[in-house]
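Before any comments, here is the structure.
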2 protein chains.
Amino acid sequence: MPKIVDRNERRRELAEAVWRVIRQDGVEQASVRNVAREAGLSAGSLRHIFSTQSELLQFAMRTVIDRVETRVAGIAVPDEPRAAAQVVLEQLLPLDEERRAENEVWVAFSARAMVDDHLRAVRDDAYDRLRGAAEHWIRLLTDLGPEEQDVESERLFSLIDGLALHAALRPDAATPERLKAVLAHHLDQLTQGGRR
Amino acid sequence: MPKIVDRNERRRELAEAVWRVIRQDGVEQASVRNVAREAGLSAGSLRHIFSTQSELLQFAMRTVIDRVETRVAGIAVPDEPRAAAQVVLEQLLPLDEERRAENEVWVAFSARAMVDDHLRAVRDDAYDRLRGAAEHWIRLLTDLGPEEQDVESERLFSLIDGLALHAALRPDAATPERLKAVLAHHLDQLTQGGRR
DNA sequence: GCGGATTTAGCACAGTCGTGCTAACGTCCC
DNA sequence: GGGACGTTAGCACGACTGTGCTAAATCCGC
């Protein structure tokens, strides 16, 4: 039944196989043969869907972004800005298994993007959009001058990436409760002037 | 002249060759042959100094920690806690070429540590020490209860790692000035109650 | 049922990998 | 000088890599 499942669906399945291989053994093991075996295909078959390994990895990396954006677009966002920020930004933290998988795979791809030009383009695109989101929430939550806004955006953005990174590296230490507590505390400080 | 340079010095040189290969082409290219070529040795010779590739990579990863700790131990630290924190914590941010190199290599090794048990041990050791340092500075700079202290420590630690990560991924966006400004702003908020 | 197109499987090639092993080389001590 | 030893170089092996290519299997419209 070759035509029943359309091409995009097959690509999506392959991308998930890439994810599984990466989480298990790292990107360096995401070879054409290993991914094909993980997906239950022959290497030759895989190469009719992705004609090159680079394509396969790029698609799998983009899939991470797509899944995050789809989830963010689908959730109910409160009207109140502070609560809205918390709900949306929590979607970027690995608080459940789904987000944990996305995060681990993203970390692996980001590292490889340091030396792979194609993946770097994907990473830069995501980075720019995340930075835009950080700026958006800072504008919404605070009333600061331009350069203060800039510093706060970078701080929020870096904090979230740092939290996600810690969760990937040390899931035992960076528990979901802890991540949420830190984010909530940071947002509290941003919105209200109160400290200590 | 085989005996002139002692064993540790040779190992240190090899570690630096590993760094160069990693920064240029990524950890996956840090093979015995590539590192040997980078160091001007034959692969067979390298394996008399590091009998296995795993040993070589572990040593090169530990070298990152050693260099950071040596630098931190060597700097002049102000008496005033707020200034001291700024000076010390800046040593963890990639503000110059030396720290940029350490940071890039560390990011690469950290990613590989996700799937390499030996490197994971090195990474966990460093992580625990950094977390201890974060807790130390929070205690010194604030007067909080235990669980608030815990949240602030994780926040400071994650922020620094996030800043360093951003600097590695997007050196054009995360400039040294920007990194320092964010850190300074965060420390300001920690020490003084003032906001906005 | 059948032709034709598409999907699948698998081989071939040239390259790299980690590592075991041997042979030449250098220097040092006696 | 000569023997011994630490160092260096390099080959060999089996495994894996990405990719080009060819043959088989499968399904579709008719």
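The values are calculated or read from the model by the stated rules, or taken from the named source; none is laboratory data. Only a predicted model underlies this, so the values are computations on that prediction, with no experimental measurement involved. A quick note on method: Cβ atoms are made from the backbone with ideal geometry, for glycine too, and the neighbour counts reach across all protein chains shown. These accessible areas exclude ligands, DNA and RNA; they are computed on the full protein's heavy atoms, side chains included. Shrake-Rupley method; radii C 1.70, N 1.55, O 1.52, S 1.80 Å.
In this structure, A:R12 does not qualify as in contact (Cβ under 8 Å) with a residue 40 or more places away in the chain, open to solvent by 40 Å² or more (accessible area, probe 1.4 Å) and within 11 Å of DNA strand C (Cβ to nearest atom). Sub-6 Å Cβ pairs linking a first residue in segment B:42-57 that is more than 14 Å from chain A (Cβ to nearest Cβ) to a second residue that is more than 6 Å from DNA strand D (Cβ to nearest atom) and outside any helix (DSSP H, G or I), at least 6 apart or interchain, are B:L56/B:F50, ordered by first then second residue.
One line per residue, one yes/no per condition, for (1) at pLDDT 95 or above; (2) touching an Asp or Glu at 6+ places or on another chain (Cβ under 7 Å); (3) at the interface with chain A (Cβ under 9 Å from one of its Cβ atoms); (4) in a helix (DSSP H, G or I):
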position: B:N103; (1), (2), (3), (4): yes, no, no, yes
position: B:W106; (1), (2), (3), (4): yes, no, no, yes
position: B:V115; (1), (2), (3), (4): no, yes, yes, no
position: B:A133; (1), (2), (3), (4): yes, no, no, yes
position: B:D143; (1), (2), (3), (4): no, no, yes, no
position: B:E154; (1), (2), (3), (4): yes, no, yes, yes
position: B:D161; (1), (2), (3), (4): yes, no, yes, yes
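The residue of segment B:172-196 that is most open to solvent (accessible area, probe 1.4 Å), among those that are assigned to a loop (DSSP other than H, G, I, E, B) and either facing chain A (nearest Cβ under 8 Å) or more than 14 Å from A:S158 (Cβ to Cβ) (or both), is B:R196.
For segment B:42-64, filtering for residues that are among the basic types (K, R) and within 12 Å of DNA strand C (Cβ to nearest atom) leaves 1. When B:R62 is tested against (1) within 14 Å of chain A (Cβ to nearest Cβ); (2) open to solvent by 60 Å² or more (accessible area, probe 1.4 Å); (3) closer than 22 Å to B:M114 by Cβ; (4) away from DNA strand D (no atom under 16 Å from the Cβ), just one condition goes unmet, and that condition is (1).
Considering (1) away from chain A (no Cβ under 14 Å); (2) open to solvent by 60 Å² or more (accessible area, probe 1.4 Å); (3) within 11 Å of DNA strand C (Cβ to nearest atom), the lone condition that B:E80 does not fulfil carries the number (3).
For segment A:109-149, give me each residue that is acidic (D, E) and open to solvent by less than 50 Å² (accessible area, probe 1.4 Å). If the condition is that a residue be acidic (D, E) and open to solvent by less than 50 Å² (accessible area, probe 1.4 Å), then A:D116, A:D124 are the ones that fit. Which condition from (1) buried (at least 16 other Cβ atoms within 10 Å of the Cβ); (2) out of contact with any Pro (no Cβ under 9 Å at 6 or more places or on another chain) is the one that A:N103 breaks? In the conditions (1) buried (at least 16 other Cβ atoms within 10 Å of the Cβ); (2) out of contact with any Pro (no Cβ under 9 Å at 6 or more places or on another chain), A:N103 misses (2) alone. Taken together, the residues in segment B:20-41 that are within 11 Å of DNA strand C (Cβ to nearest atom), among the hydrophobic types (A, V, I, L, M, F, W, C) and within 11 Å of another protein chain (Cβ to nearest Cβ) amount to 3.
For segment B:137-184, a tally of residues being over 21 Å from A:H166 (Cβ atoms) and not small (G, A, S) returns 9.
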